[in-house]
Amino acid sequence: MVIRRLLGELRRAGLVESRRGAGADWSLARELESMTLLDVYEAVEPGPLFAMHRTTPDQECVVGHGIQQAMQGIYEGIEETLRHEPARVTLENVLRDVLAAPR
């Protein structure tokens, strides 16, 4: 069930396609060099990689009343940094490294 859900999310993102009926299968919808790890991540985990706590801080608290505004820019910088590496690594890079790994 989990695999089917993940494949559905990858299909909606245009990363894989499916064929039904006799000979049913899944295949990549694009070339490996055109898909990044970030593409895959965003397909299965929408939203920020690093986010603020979901609960609103206590506005009566000396720290709580201003913590979200104080941390917003920091979190945005972290988000940009976290997205940089997976955005530059293609599935072709990953496959090359997997095939080159010693047995």
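The values are calculated or read from the model by the stated rules, or taken from the named source; none is laboratory data. Here the structure is a predicted model, which is why all the values come from computation and not from measurement. We place every Cβ from the backbone using ideal geometry, glycine too, and count neighbours over all the protein chains shown. In case anyone asks, the SASA skips ligands and DNA or RNA and just uses the protein heavy atoms, side chains included. Shrake-Rupley method; radii C 1.70, N 1.55, O 1.52, S 1.80 Å.
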Hey, got a sec? Which trypsin sites (Lys or Arg not before Pro) in the stretch 1-44 land in a DSSP loop and have at most 14 other Cβ atoms within 10 Å? Arg20, Arg30
May I ask you to give the percent of accessible area on the chain that is carbon plus sulfur, with a probe radius of 1.4 Å? 58
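Could you tell me which chymotrypsin sites (Phe, Trp or Tyr not before Pro) in the stretch 1-51 are loop residues by DSSP with no more than 15 other beta carbons within 10 angstrom of their beta carbon? Provide the component values of the computation, followed by the final result.
Numbers: sites: Trp26, Tyr41, Phe50; in loops: Phe50.
Passing both the DSSP loop test and the Cβ count: Phe50.
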Return the distance in nm (one decimal) between the two label points of a simple spin-label model at His84 and Arg54, each offset 7 Å from Cα along Cα→Cβ. 3.0
Could you tally the net charge around Gln72, taking each other residue with its Cβ under 14 Å from the Cβ of Gln72, Lys/Arg +1 and Asp/Glu -1? -3
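Give the range of the longest stretch in the chain that excludes all GluC sites (Glu not before Pro) found in loop regions by DSSP and having at most 14 other beta-carbon atoms within 10 Å. Walk me through the numbers before you get to the answer.
Details: sites that count: Glu31, Glu60.
For GluC sites (Glu not before Pro) (loop position, at most 14 other Cβ atoms within 10 Å), the longest site-free span of the chain is 61-103.
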Taking H placed 1.01 Å from N in the peptide plane, check which residues at least 5 places from Val16 or on another chain put their amide H under 5 Å from its amide H. Arg11, Ala29
